[in-house]
1. Out of the residues in the range 313-362 that are farther than 22 Å from Asp264 by Cα and of a type in the set (Asp, Glu), state the one that is modelled with the highest pLDDT.
2. Residue under question is Pro200, and the condition is that it be part of a loop (DSSP other than H, G, I, E, B), within 24 Å of Asp294 (Cβ to Cβ) and in contact with a helix residue (DSSP H, G or I) (Cβ under 7 Å, 6 or more places away or on another chain); does it hold?
3. Determine which single condition Val91 fails, assuming it passes every other condition in (1) free of Cβ contacts under 8 Å to residues at least 60 places away in the same chain; (2) in contact with a helix residue (DSSP H, G or I) (Cβ under 6 Å, 6 or more places away or on another chain).
4. Taking into account only those residues within the range 58-105 that are of a type in the set (Asp, Glu) and not in a helix (DSSP H, G or I), which is farthest from Leu173 (Cα to Cα)?
5. Go through Phe101, Phe133, Phe53, Phe77 for me and flag whichever is modelled with pLDDT of 95 or more, within 21 Å of the chain's Cα centre (by Cα) and aromatic (Phe, Trp, Tyr).
6. Checking the conditions here, which among Glu140, Glu148, Glu126 is assigned to a helix (DSSP H, G or I), modelled with pLDDT under 95 and not hydroxyl-bearing (Ser, Thr, Tyr)?
7. For residues that are crowded, with 19+ Cβ neighbours inside 10 Å and either among the basic types (Lys, Arg) or over 26 Å from Trp315 (Cα atoms) (or both), scanning just the range 174-201, find the one that is modelled with the highest pLDDT.
8. Quick one: how many residues across the range 12-40 are assigned to a loop (DSSP other than H, G, I, E, B) and touching a Gly at 6+ places or on another chain (Cβ under 6 Å)?
Amino acid sequence: MKRIIVTGGAGFIGANYIHNLFENPGFTGYVLNLDKLTYAGNLESLKDIQDKFPDRYFFELADITDTEKIASIFEQFQPDTIVNFAAESHVDRSIDGPMEFIHTNIVGTAVLLENALRYWQKLDREAQKNFRFHHISTDEVFGSLGEEGLFTESTPYDPSSPYSASKASSDHLVRAWNRTFGLPVSISNCSNNYGPYQFPEKLIPLMILNCLEYKPLPVYGQGLNVRDWLYVKDHCEAINCIIQNGAIGKTYNIGGHNEMRNIDIVNIICELIDELHPSPKLKSYKELITYVTDRPGHDLRYAIDSTKIQKELGWTPKETFNTGIRKTVIWYLENQDWWKNIQNKKYQQQRLGLGRNNNSTT
């Protein structure tokens, strides 16, 4: 990996991935961050990278659905690796406005694949062997599990939301460009990520920020929905592992081995902030927990079987949930300017995802 295009690099996981590359002393290559800078894109997450590596890190404002722009970027930058994070990614927003998810996640992926294929076909044989298109997906494509069982790489797709359906579609396109045209690709389906630089609409940062501002902590339904939680830096290591050593055309599940109910997540966050930032007003931040109307089509449980990546590539997560969530809470406490700038410009923690015909503000 000498010349890497990271699509969606100004988003949560993409920014962490770029940090991960430059934090590795063995990495001496170049990175082009290609991002449309929608509401969740934030170049402030990469300001230190820009300052430290101005000759090796570059940013290009671009929409992955813009065929001419993407073709030009490929020709100018001459990548050997594409890491595709670019996607609309929030289930609640997909319920309120699904067409944007279909356009970006499906059409955008197709545009990237077609331009990658044309570029790859022009390379010499050695460069073709060293090229990789890696596509980041989600465990949500598999739908909902019962109380038992795990998602494996062979679990049939059964998406529930417009978001997960659009990601399932993009996964199928990536496989098709490999099987039909020979483009060297790989895919990873990850569980819920958390950690630094996450946009405040997601569960964990939303709860942290609402605690600090004494706002209600909205828990959907009874908080019994279960997710497997993956610390974002572990995820970044797994992606590199797949790109460098994974088999072409294969899919790898990446999980954190941390199944947790939503209500338990919220309670742990409250306890950590009680310890690290005690309130002068409340005995515990748990007093702010508020149960709200559940999300339409809310999958009950996700859980990933990561046996394949562990056995074949030797990757396992380094962080437990307890260690990762402590690091995360501390990061948000120590980087308040980062998230306050987002609140001032883009997002006030409003409730989303009740459906376009429901005007409730609960």
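The values are calculated or read from the model by the stated rules, or taken from the named source; none is laboratory data. This is a predicted model, so every value here is computed, not measured. Please note: Cβ atoms are built from the backbone with ideal geometry, for glycine as well, and neighbour counts cover all protein chains shown.
1. Glu334
2. Values: part of a loop (DSSP other than H, G, I, E, B): yes; within 24 Å of Asp294 (Cβ to Cβ): yes; in contact with a helix residue (DSSP H, G or I) (Cβ under 7 Å, 6 or more places away or on another chain): yes.
Considered against the rule, which asks whether it is part of a loop (DSSP other than H, G, I, E, B), within 24 Å of Asp294 (Cβ to Cβ) and in contact with a helix residue (DSSP H, G or I) (Cβ under 7 Å, 6 or more places away or on another chain), Pro200 comes out as yes.
3. (1)
4. Top of the filtered list is Glu60.
5. Phe133
6. On the way: Glu148 fails: assigned to a helix (DSSP H, G or I); Glu126 fails: modelled with pLDDT under 95.
Step by step, each of Glu140, Glu148, Glu126 is checked, and only Glu140 is assigned to a helix (DSSP H, G or I), modelled with pLDDT under 95 and not hydroxyl-bearing (Ser, Thr, Tyr).
7. Trp177
8. Within the range 12-40, residues that are assigned to a loop (DSSP other than H, G, I, E, B) and touching a Gly at 6+ places or on another chain (Cβ under 6 Å) number 1.
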